[in-house]
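Nothing in this text is a laboratory measurement; each read-out follows from the coordinates by a stated rule. The shown structure was predicted, so the numbers you read here are calculated from the model rather than taken from an experiment. Cβ coordinates were reconstructed from backbone atoms using ideal geometry, including for glycine residues, and neighbour counts include every protein chain displayed.
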Amino acid sequence: MLNHEIRASEVRCIGDDGTQYGIISRQDALRKSEELGLDLVLIAPDAKPPVCKIMDYGKFRYQEEKKKKEAKKKQKTIEVKEIKLSIKIAQNDINYKIKHAREFLEEGKHVKFRVFLRGREISNPDAGKAVLEKVWPMVEDIGMREKAPMLEGRYINMMVVPKK
């Protein structure tokens with residue numbers, strides 16, 4: 001809330017430079033902010049009496065947005081690549097997919113291996129786990145297993161993350 005939206009009769013007022021004006025009426029605080037050509041902004045509405053600060057609200061919002069953008073820039077997003085396999089996959093196909101998985105892990109991306117169980121294969125999920133257990137030694141040297149092979153719906157998933 002700012003300026004005339006503030007409903008409290010008395011407020012604790014703080015200047016833009018940190019000057020304490022003490023507990024004054026809302027009208028006096030508004031008058032003081034208008035003299036300085038700034039806005040009266042409600043900072044702590046739950047305090048007794050509420051705390052208001054005299055500041056340039058547009059500049060304050062701009063700096064807050066700038067801080068948010070800077071924090072967002074410093075965030076690291078984790079990219080997850082998915083490698084799909086099947087129970088009846090041939091060894092040369094596994095080698096080809098492992099080559100790509102190794103590239104992803106070297107780039108610092110997480111890799112999710114998925115074995116899709118079709119039709120009657122759902123009754124024997126151990127065969128899908130066996131495929132993932134066959135794949136694991138091929139990426140073990142550059143990755144860590146974050147999630148062991150687990151049945152989730154019609155898929156058996158295993159998550160591998162790059163070693164630090």
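Across the chain, Cα pairs under 8 Å and at least six residues apart give a relative contact order of 16 percent. Counting Lys and Arg as +1 and Asp and Glu as -1, what is the net charge of the other residues whose Cβ lies under 9 Å from the Cβ of Cys52? My count for the surroundings of Cys52 gives +3. Ranking of Val41, Val160 by neighbouring Cβ atoms within 10 Å, starting from the fewest: Val41, Val160.
About its Cα centre, the dipole of segment 3-71 is roughly 220 debye, where the only charges are +1 on Lys and Arg Cβ and -1 on Asp and Glu Cβ. Across segment 134-164, the residues whose backbone nitrogen lies under 12 Å from the label position 7 Å along the beta-carbon direction of Lys76 are 162-164.
The GluC sites (Glu not before Pro) of segment 1-86 that meet both conditions, a loop assignment by DSSP and at most 15 other Cβ atoms within 10 Å of the site Cβ, are Glu79. Ranked by how many other Cβ atoms sit within 10 Å of their own Cβ, fewest first, the residues Ser86, Ser9 fall in the order Ser9, Ser86. Positive end of the charge dipole of the chain (Lys, Arg +1 and Asp, Glu -1 on Cβ, about the Cα centre): tell me which of His4, Pro49, Gly143 has its Cα farthest that way. The listed residue farthest towards the positive side: Gly143. Expressed as a whole number of Å, what is the distance separating the alpha-carbon centroids of segment 7-79 and segment 111-135? Between the Cα centre of segment 111-135 and that of segment 7-79, the gap is 58 Å.
Of the listed pairs Lys81/Lys147; Lys76/Lys97; Lys112/Lys134, which have alpha-carbon separations greater than 18 Å here?
Long pairs (Cα-Cα over 18 Å): Lys76/Lys97.
Restriction of the trypsin sites (Lys or Arg not before Pro) in segment 87-136 to DSSP coil positions whose beta-carbon has at most 14 other beta-carbons within 10 angstrom yields Lys88, Arg118. The angle between the Cα long axis of helix 125-139 and the longest principal axis of the Cα atoms of the chain comes to about 80 degrees, rounded to the nearest 10.
Applying the criteria of a DSSP loop state and at most 11 other Cβ atoms within 10 Å to the GluC sites (Glu not before Pro) of segment 97-164 yields Glu107.
Rounded to the nearest 10 degrees, the inclination of helix 57-74 to the longest alpha-carbon principal axis of the chain is 20 degrees.
Using Cα extents along the principal axes in Å as the read-out, say which of [x] 82, 32, 20; [y] 59, 30, 28; [z] 47, 32, 23 was calculated from these coordinates. Structure-derived value, by its label: [x]. Computed about its Cα centre, the charge dipole of the chain is approximately 820 debye, with only Lys, Arg, Asp and Glu carrying charge at their Cβ.
Here the residues Thr77, Thr19, ranked from fewest to most Cβ neighbours within 10 Å of their Cβ, fall in the order Thr77, Thr19.
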